[in-house]
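Okay, so here's the structure we're looking at.
Every number here is computed from the coordinates shown, using simple stated rules; none is lab data. Treat the numbers as computed from the prediction; the structure is a model and nothing was measured. Positions of Cβ are backbone-derived with ideal geometry, glycine not excepted, and every protein chain shown enters the neighbour counts.
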Amino acid sequence: MSNTFDLLIIGGGAHGASLAFHLSARGLKVAILEKSFIASGATGRSSGLVRMHYDLEAEARLAWESFAWFRDWKERVGGDSGFTRTGFLQIARREHVETLIANTAMLQNIGISTVLINAGDVKRLAPSFLTDDFDFAAYEPESGYADPVSTTTSLMDAAKARGAVFVSDCLVTGITLKSGKVTGVTSSKGEFHAPIVVNAAGPWARNICQMVGLEIPISTWRHDTMFVVRPHELHLSHPTVIDFPNLMYFRPEANLTLVGLEDGNPLGEDPDGDADHAHKGFVERAIDRVCQRIPLMESGRLQSAHGGYDGITTDQHPALGPIGPDGFWLDCGFSGTGFKISPAVGLCLSEWILDGAPKTVDISIFTPARLTQGRHLVSEHPYESIWR
Ligand SMILES: Cc1cc2nc3c(=O)[nH]c(=O)nc-3n(C[C@H](O)[C@H](O)[C@H](O)COP(=O)(O)OP(=O)(O)OC[C@H]3O[C@@H](n4cnc5c(N)ncnc54)[C@H](O)[C@@H]3O)c2cc1C
């Protein structure tokens, strides 16, 4: 195998695979170097929510463009993304109603299928929910969740069919430079050469930046989730929900409900830490929260719990674009919400790399330079920093 390519991607998660898919569609010879196996990082741990409710317009646009990919996966990519439509509810606290109204209007303006509904409507959609602690929610009838492993595998398979090379068990150990320009990488499987290297290393992204002497404020974010078997009385499924009053999200999967919490997610842990087990106390807190919204869950049964790590930036928005030596690009910092936007981010980044500017959605606002300059992206109608 020749080790010379047009472009190297470090990381075989949803973002590495998506970028490889879009670049190989444009005829580029790409290699994806993965230290372990496909989707072994944040992607394989992801809860897979596919919804459009963001307060930053550019992220909502990325989610909306990505939704079209999830919906028409077979025709556009081939294989299966596991997309399952459940409907999605964004339940807001009473003090955030004005923000919810403004953001729902912004999303409708983009063309996103979403409406503002009241607590009575929520009760009709989900009769098992308690609805006395909020007045309004935003409802997305088309949204749901997808299977992150299947999504990534089918993107990678399609990229490989167009000539991309996926190298597993390949730890990148350094980035080679000549006269301030990227020339390739060193790895546990030898040297690879290319004039462009993209850092799609998820929670390990900071280490990769350090290989070219860049200090980017990307830390790690630890997040635990659990699956509960719904009790017999709750045989009916329920929508996917972000429940701000209870700092929680949950979604169905057959007779199971997956629950994650928006608080108590430690920052700065080693991304190689134990992700097979949830941190102590998580399950008790999560059960308590889900029972506050769905009291019948009290007779549910714990199926499993595990953790995961993602990369998080100082403003909780991704770092996308070139920075540092010529030919070095970032595709990372997804801050716990990057799976659902992966199809569109890969597309926009491929446009930026090949055409000189992103076209489908203007992702240039996510330039990594803002982070090194201490500038933070702030939406027009922000909720609050959700990951605490
Ligand atoms: C528990 C959890 C739940 C989540 N739930 C959701 C959700 O519901 N919806 C949503 O949209 N997002 C969610 N996210 C966020 C989303 O999963 C991530 O933003 C997304 O998967 C990041 O993908 P990635 O490809 O950038 O990173 P990763 O999937 O982490 O891929 C990076 C890859 O780089 C490899 N790598 C690292 N260093 C090297 C090296 N030196 N050499 C070679 N390879 C290397 C790693 O092995 C890894 O496979 C969740 C995240 C977690 C952890």
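Here the Karplus curve 6.51 cos²θ - 1.76 cosθ + 1.60, taken at θ = phi - 60°, turns the phi angles of the range 25-31 into couplings of 5, 8, x, 7, 8, 10, 10 Hz, with x standing for Gly and Pro. The Cα center of the range 1-69 and the Cα center of the range 317-335 differ in position by 13 Å. Computed over the alpha carbons of the chain, Rg followed by Dmax gives 20.6, 68 Å. Checking every one of the chymotrypsin sites (Phe, Trp or Tyr not before Pro) in the range 1-74 against DSSP loop status and a limit of 14 other Cβ atoms within 10 Å picks out 37.
About its Cα centre, what dipole magnitude does the range 124-194 give when the only charges are +1 on Lys and Arg Cβ and -1 on Asp and Glu Cβ, stated in debye to the nearest 20? Intermediate values should be presented prior to the final figure.
Details: 6 positive and 9 negative charges, 165 e Å.
That gives the range 124-194 a dipole magnitude of about 800 debye.
Springs between Cα atoms under 10 Å define the GNM used for the chain, and in it the highest mean-square fluctuation of 14, 194, 68 occurs at 68.
Placing unit charges on the Cβ atoms only, positive for Lys and Arg and negative for Asp and Glu, gives the chain a dipole magnitude near 720 debye about its Cα centre.
Taking a virtual spin label 7 Å from the Cα of residue 119 along the C-beta vector, which residues in the range 243-257 bring their backbone nitrogen under 19 Å of it? The answer is 243-248. Placing unit charges on each Cβ (+1 for Lys and Arg, -1 for Asp and Glu) gives the chain a dipole about its Cα centre, and among 136, 376, 322 the Cα reaching farthest toward its positive end belongs to 322.
The alpha-carbon of residue 189 sits under 30 angstrom from the alpha-carbons of these lysines, leaving out residues fewer than 8 places away in its chain: 29, 35, 160, 178, 181.
May I ask you to derive the FRET efficiency for residue 75 and residue 267 from their Cβ-Cβ distance with R0 = 41 Å, giving the value to the nearest 0.05? Working shown, then result.
Working: r = 40 Å, r/R0 = 0.97.
Efficiency computed from Cβ-Cβ geometry: 0.55.
How about the range 278-384: which trypsin sites (Lys or Arg not before Pro) there lie in a loop by DSSP and see at most 13 other Cβ atoms within 10 Å?
Numbers: sites: 280, 285, 289, 293, 301, 340, 359, 370, 375; in loops: 280, 359, 375.
Filter output for the range 278-384: 280, 359, 375.
Evaluated with a Cβ-only charge set (Lys, Arg +1; Asp, Glu -1), the range 209-254 carries a dipole of roughly 40 debye about its Cα centre, given to the nearest 20. Let me check I've understood the local charge: for residue 217, count other residues with C-beta under 13 angstrom from its C-beta, Lys and Arg +1, Asp and Glu -1. What total comes out? With Lys, Arg at +1 and Asp, Glu at -1, the net is +1.
In the chain, helices alone account for a calculated mean residue ellipticity at 222 nm of -8000 deg cm²/dmol, with every DSSP H run of four or more residues adding -39,500 (n - 2.57). Between the exposed loop cleavage positions of the chain, defined as GluC sites (Glu not before Pro) in a non-H, G, I, E, B DSSP state with at most 15 neighbouring beta-carbon atoms within 10 angstrom, the longest gap is 1-214. For residue 176, the amide hydrogen comes within under 5 Å of the amide hydrogens of 183, 184, 185, 186, counting only partners 5 or more places away or on other chains and with H modelled in the peptide plane.
Between 341, 41, 31, the Cα set farthest toward the positive side of the dipole of the chain (charges on each charged residue's Cβ, about the Cα centre) is that of 31. With the simple spin-label model, which puts each label point 7 Å out from Cα in the Cβ direction, the residue 303 to residue 98 separation comes to 4.2 nm. Between the range 212-269 and the range 105-151, the alpha-carbon centres lie 17 Å apart.
The residue among 259, 213, 185 whose Cα reaches farthest toward the positive pole of the charge dipole of the chain, with charges on the beta-carbon of Lys, Arg, Asp and Glu, is 185. Axis of helix 57-71 versus longest Cα principal axis of the chain: the two differ by about 90°, to the nearest ten degrees.
Placing R0 at 35 angstrom, the Cβ-Cβ distance between residue 354 and residue 105 gives a FRET efficiency of 0.50 after rounding to 0.05.
Projected over every direction and averaged, the convex hull enclosing the alpha-carbon atoms of the range 261-321 yields 5.9 nm².
Take the chain, connect every pair of alpha-carbon atoms lying under 10 Å apart with a spring to form a Gaussian network, then pick out the residue of 60, 105, 254 with the largest mean-square fluctuation. It is 254.
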